[in-house]
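Working notes, structure below.
The values are calculated or read from the model by the stated rules, or taken from the named source; none is laboratory data. Since the structure is predicted, the reported quantities are computational estimates derived from the model, not experimental observations. Cβ atoms come from the backbone with ideal geometry, glycine included; neighbour counts cover every protein chain shown.
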Amino acid sequence: MSEILLLLTVIVITYITGTVIEKNHYKSIIKREVALVKKPIINAGAKTWNSKKKIKKIELVSGEVVISGDYFKNFAATLKSFFGGRLTSFESVLDRGRREAVIRMRESAKGANFIINTKIESVMINNYYSNNSVPQCAIIAYGTAITYE
Amino acid sequence: MIITNIENIPGMTIVAQYGLVTGSTVRAKNAIKDFGAGLKNIIGGELKSYTELLTEARKEAVERMKMQAKAMGANAVINVRLATSSITAGAAEVYAYGTAVKAEPRG
């Protein structure tokens, strides 16, 4: 009996903390994305870059983030995967992580005109062989920043 | 040293190629930070200490790649890729690889 009570308490607490953290994170992501519009422009596909303009600086820029779900999300996803379908609780975690990594990359290249060939790399870093482990995802976004004179 | 992840260097001509250079590193944080991250993992949100770990690992991998390129006599590395993998819980591997080249300013 006491075990079930403990589990319920953990689920309720992590539901509250997880929701608050996610809401605040999305708020800050949207705010910073709006502030970064068009400076620098990011481009995901270019393999080469040629320009007549004089180039001042070329460098590799990157942004990293390790994002974690919470216990409630894990519990909800376990229930959901019994029936199948979209696991919306994990979708938002990965979405937040990727957007955060791209924002950090762009912030580290503030003065640049373009960031080209942006790549996003992600890996789960927790021990996924054990039961009930909450996913942790490490995400690196990187690209070449070009600054014109 | 110029590092790019595209196939050329804008405004420069590649005059010599030296082949593949790589750099990799596996790093871990201390037990206290692991414990803190474990608690944070239940609550949810960003794991700041592991983010720091990833940043350090990436810097070190790129630095090792640069050293290898420098030893070959190159002055730039092009087409760089960063790859990550998980070896065990609480450790991060970052692997950087690219082509070492010698480049000269055009014109």
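Among the residues of the range B:6-30, those that are assigned to a loop (DSSP other than H, G, I, E, B), in contact (Cβ under 8 Å) with a residue 60 or more places away in the chain and either surrounded by fewer than 16 Cβ atoms within 10 Å (Cβ to Cβ) or touching a helix residue (DSSP H, G or I) at 6+ places or on another chain (Cβ under 8 Å) (or both) comprise B:GLU7, B:LYS29.
Quick one: is B:MET72 of a type in the set (A, V, I, L, M), more than 11 Å from chain A (Cβ to nearest Cβ) and more than 12 Å from B:GLN17 (Cα to Cα)? Talk me through it step by step, then tell me what you get.
Values: of a type in the set (A, V, I, L, M): yes; more than 11 Å from chain A (Cβ to nearest Cβ): yes; more than 12 Å from B:GLN17 (Cα to Cα): no.
No: the conditions fail for B:MET72.
The set of residues in the range B:61-75 that are over 15 Å from A:TYR142 (Cα atoms), of a type in the set (A, V, I, L, M) and in a helix (DSSP H, G or I) comprises B:MET65, B:MET67, B:ALA69, B:ALA71, B:MET72. Per the listing B:LYS48, B:LYS29, the residue uniquely charged (D, E, K, R) and touching a Gly at 6+ places or on another chain (Cβ under 8 Å) is B:LYS29.
If you check A:THR88, A:THR144 for being touching a Leu at 6+ places or on another chain (Cβ under 8 Å) and either of a type outside the set (A, V, I, L, M, F, W, C) or farther than 30 Å from B:ASN75 by Cα (or both), only one passes: A:THR144. The condition (being within 26 Å of A:THR9 (Cβ to Cβ), hydrophobic (A, V, I, L, M, F, W, C) and in contact (Cβ under 8 Å) with a residue 24 or more places away in the chain) is satisfied by just one residue among B:ALA57, B:ALA37, B:ALA76: B:ALA37.
Give me a count of the residues in the range A:66-96 that are small (Gly, Ala, Ser), out of contact with any Asp or Glu (no Cβ under 7 Å at 6 or more places or on another chain) and within 14 Å of chain B (Cβ to nearest Cβ). Steps first, please.
Quick first cut of the range A:66-96, residues small (Gly, Ala, Ser) only: A:68-69, A:76-77, A:81, A:84-85, A:89, A:92.
Keeping just the survivors that are out of contact with any Asp or Glu (no Cβ under 7 Å at 6 or more places or on another chain) gives A:68-69, A:76-77, A:81, A:84-85, A:89.
Narrowing the set further to residues that are within 14 Å of chain B (Cβ to nearest Cβ) leaves A:68-69, A:76-77, A:89.
Going through the range A:66-96 one residue at a time, the tally reaches 5.
So is A:GLU64 surrounded by 11 or more Cβ atoms within 10 Å (Cβ to Cβ), in contact with a helix residue (DSSP H, G or I) (Cβ under 7 Å, 6 or more places away or on another chain) and either charged (D, E, K, R) or within 30 Å of B:VAL62 (Cβ to Cβ) (or both) or not? So A:GLU64 fits the description; yes.
Let's see how each residue does on (1) modelled with pLDDT of 85 or more; (2) more than 13 Å from chain A (Cβ to nearest Cβ); (3) not in a helix (DSSP H, G or I):
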| residue | (1), (2), (3) |
| --- | --- |
| B:LEU39 | no, no, no |
| B:LYS59 | yes, no, no |
| B:VAL77 | yes, no, yes |
| B:ALA89 | no, no, yes |
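Is it the case that some residue within the range A:95-106 is over 22 Å from B:LYS40 (Cβ atoms) and assigned to a strand (DSSP E or B)? No, that holds for no residue. If you go through the range A:42-64 and pick out every residue that is facing chain B (nearest Cβ under 7 Å) and either under 16 Å from B:ILE78 (Cβ atoms) or of a type in the set (Ser, Thr, Tyr) (or both), you end up with 11. Residues of the range B:77-107 that are more than 20 Å from B:MET65 (Cα to Cα), in contact with a Lys or Arg (Cβ under 8 Å, 6 or more places away or on another chain) and not aliphatic (A, V, I, L, M): B:GLY90 alone.
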